[in-house]
Amino acid sequence: MIDAYAWTTPNGHKLLIALEELEVPHELHWVDIMKGEQFKPEFLAINPNNKIPAIYDRDTKHAVFESGAVLTYLAEKTGRLLGPDRYTTLEWMFFNAGGVGPMGGQLGYFAKFAKEKIPHAIERYTKEVQRLFGVMDKRLGESAYLAGPEFSIADVMNFSWPRALLGFSLEGIDLAAYPNLARWIEAIGARPAVQRALARTPA
Ligand SMILES: N[C@@H](CCC(=O)N[C@@H](CS)C(=O)NCC(=O)O)C(=O)O
């Protein structure tokens with residue numbers, strides 16, 4: 001049994017999607033990061049870095065934080081969605097953790113949420129996200145999914161950020177420029193488990 005800690009953000013969606021795709025028995029704990037619940041001592045005992053997603057495995061008494069580690073843990077526990085080659089899967093997991101995740105997060109902050117609009121910051125992160133989307137688009141022109149011909153945790157890791165950024169309708173971030181990425185987002189978004197995961201919201 002997994003205690004799953006999430007919120008309805010792109011990083012939280014990674015865990016929610018993995019739980020549904022892998023059919024992991026779990027109890028979901030919403031951590032309202034807008035209210036600062038990620039700083040509560042009981043959550044910091046699971047993730048000292050005060051961010052969702054994180055899990056606690058009651059069977060092994062193991063706590064895991066960082067979305068890439070969480071998805072890898074759950075895939076290894078269930079033996080599913082590991083991808084055809086361990087290192088190709090890991091490459092695309094880290095690609096998100098060091099690229100689209102943080103750069104997309106900065107773009108979302110500066111272009112959508114920040115009260116003061118700083119053109120240089122918006123331009124810098126727009127260019128970097130465009131570049132990263134270009135890398136994904138090229139890969140997805142060669143391969144049905146990021147780690148190979150089959151859907152894997154590399155796709156779970158990478159799906160939620162492009163989806164969220166495109167939902168913000170930001171200038172310069174246009175799916176028409178990335179046809180392979182568009183095809184992949186549509187295919188993943190149509191998966192019943194993904195739809196169930198995205199429909200989960202705090203009561
Ligand atoms: N590198 C982390 C990023 C997680 C992350 O940034 N989570 C955000 C929500 S999308 C969060 O919990 N923010 C709360 C905070 O920073 O206090 C991962 O991949 O798990």
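Read the figures in this text as sums done on the coordinates, not as results from a lab. Remember, predicted model here, so these are calculated numbers, not experimental data. Cβ coordinates were reconstructed from backbone atoms using ideal geometry, including for glycine residues, and neighbour counts include every protein chain displayed.
Can you give the percent of C-alpha pairs in region 86-191 whose distance is more than 24 Å?
When every Cα pair of region 86-191 is considered, 20 percent fall beyond 24 Å.
Could you list HIS13, HIS26, HIS120, HIS62 so that the one with the fewest beta carbons within 10 Å of its beta carbon is first and the one with the most is last?
So the residues, fewest neighbours to most, are HIS120, HIS62, HIS26, HIS13.
Take every Cα-Cα distance within region 37-127, group them into 10 Å bins from 0 onward, and report for each bin the whole-number percent of pairs it holds.
Here the calculated profile for region 37-127 is 15, 32, 32, 18, 4.
Rank-order 151-158, 122-129 by packing density, defined as the average count of other C-beta atoms within 10 Å over each peptide's residues, highest first.
Details: 151-158: 27.2, 122-129: 17.9.
The densest-packed peptide leads the list: 151-158, 122-129.
Taking the Cα centre of each part, how many Å lie between region 48-75 and region 135-149?
27 Å
To the nearest 0.05, how large is the calculated FRET efficiency for ARG86 and LYS40 if R₀ is 35 Å and r is the Cβ-Cβ distance?
With a Förster radius of 35 Å, E is 0.50.
Relative to the compact globular guide of 2.2 N^0.38 Å, what is the alpha carbon radius of gyration of the chain, as a ratio?
Numbers: Rg = 16.6 Å, N = 203, 2.2 N^0.38 = 16.6 Å.
The reported ratio for this selection is 1.00.
How much mean residue ellipticity at 222 nm does the chain get from its helices, if each DSSP H run of length 4 or more adds -39500 (n - 2.57) and you divide by all residues, to the nearest 500 deg cm²/dmol?
-15500 deg cm²/dmol
Kindly identify region 6-81 as rounded, prolate or oblate by the Cα gyration tensor criterion: order the square roots of the eigenvalues as a ≥ b ≥ c, call it rounded if a/c is under 1.5, otherwise compare a/b with b/c, prolate if a/b is larger, else oblate.
Prolate, because a/c is 1.5 or more and a/b exceeds b/c.
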